[in-house]
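In what follows, a structure is listed as structure tokens, so that the remarks can point back to it.
The values are calculated or read from the model by the stated rules, or taken from the named source; none is laboratory data. Here the structure is a predicted model, which is why all the values come from computation and not from measurement. Note that we place each Cβ from the backbone using ideal geometry, even for glycine, and neighbour counts take in every protein chain shown. Ligands, DNA and RNA are stripped out before the accessible areas are found, and what is left, the full protein with its side chains, is counted by its heavy atoms. Shrake-Rupley method; radii C 1.70, N 1.55, O 1.52, S 1.80 Å.
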Amino acid sequence: MPESFLTCETVIFAWAIGGEGFTYPPHVGLSIGTATDPQYVLMEVHYDNPSYLEGKIDSSGLRLFYTPDLRRYDAGVIEAGLWVSLFHNIPPGMPEFMSEGHCTLECLKEAMDAEKPSGIHIFAVLLHAHLAGRAVRVRHFHNGHEQQLLAYDDDFDFNFQEFQYLKEERLILPV
């Protein structure tokens, strides 16, 4: 295993239980072959078999299609929200509890200044939570004003975590 796998932190794709296949729009692709592109790809799979059922066969996979035709936009993933940690606890006996995760303006600006100072185009959102999740929203603020929700699911079901393709791409600006 390459040493770079030990520090791999860049997500290029995600899938969760209940999701279907995912395809980039025709004008979007994953850049391959430049000096800043990944040299290796690691596929990480999380299995859950609490009943210890035998004979289960996994058909998971990742299918990449190569084309010499460059796409207008390079794809990327923004992870926003809360990381699972010892400091994120839901108090016992609470009928409901709200958790908030933020991608601050400073963090977004730092990342976008290096990559895309003209902004990024959001075309899909994967809302992800674990079994305690009941509702998930991705809100967008610009210049102190809340914009239209990027995505939401007020009846979140752990067993059906599907990408929500936006009807129209949304431009996110660094400032």
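Answer yes or no: is there a residue in the stretch 11-33 that is exposed (fewer than 10 other Cβ atoms within 10 Å of the Cβ) and of a type in the set (S, T, N, Q). Checked against the condition, which is being exposed (fewer than 10 other Cβ atoms within 10 Å of the Cβ) and of a type in the set (S, T, N, Q), the stretch 11-33 yields no hits at all. Could you pull out the residue among 40, 52, 47 that is on the phi > 0 side of the Ramachandran plot and surrounded by fewer than 10 Cβ atoms within 10 Å (Cβ to Cβ)? When all the criteria are applied, what remains is 52.
Checking the conditions here, which among 131, 82 is exposed (fewer than 10 other Cβ atoms within 10 Å of the Cβ), closer than 27 Å to residue 46 by Cβ, touching a residue at least 12 places away in the same chain (Cβ under 8 Å) and among the aliphatic types (A, V, I, L, M)?
Criteria check complete, one pass: 131.
A search for C-beta distances below 6 Å between a residue of the stretch 63-77 that is part of a loop (DSSP other than H, G, I, E, B) and any residue that is surrounded by 10 or more Cβ atoms within 10 Å (Cβ to Cβ), counting only pairs 6+ apart in sequence or on different chains, returns 71/27; 71/28; 71/29; 72/27; 75/24; 75/28; 75/30; 77/11.
Report whether or not residue 77 is β-branched (Val, Ile, Thr) and loosely packed, with under 10 Cβ neighbours inside 10 Å. Judged against the criteria, residue 77 is not a match. Residue 137 falls short on exactly one of the conditions (1) at pLDDT 85 or above; (2) under 28 Å from residue 37 (Cα atoms); (3) of a type outside the set (A, V, I, L, M), and that condition is (2).
Between 120, 90, the distinction of being surrounded by 10 or more Cβ atoms within 10 Å (Cβ to Cβ), under 30 Å from residue 171 (Cα atoms) and touching a residue at least 40 places away in the same chain (Cβ under 8 Å) belongs to 120 only. The one condition from (1) in contact with a helix residue (DSSP H, G or I) (Cβ under 7 Å, 6 or more places away or on another chain); (2) under 24 Å from residue 48 (Cα atoms) that residue 130 does not meet is (1). When we screen 93, 29 for residues that are closer than 25 Å to residue 162 by Cα and not hydrophobic (A, V, I, L, M, F, W, C), the only hit is 29. The C-beta contact set for the stretch 21-43 (first residue touching a residue at least 24 places away in the same chain (Cβ under 8 Å) and closer than 14 Å to residue 75 by Cβ, second residue of a type outside the set (Phe, Trp, Tyr) and open to solvent by less than 60 Å² (accessible area, probe 1.4 Å), distance under 6 angstrom, 6+ apart or interchain) comprises 24/75; 28/75; 30/75; 31/37.
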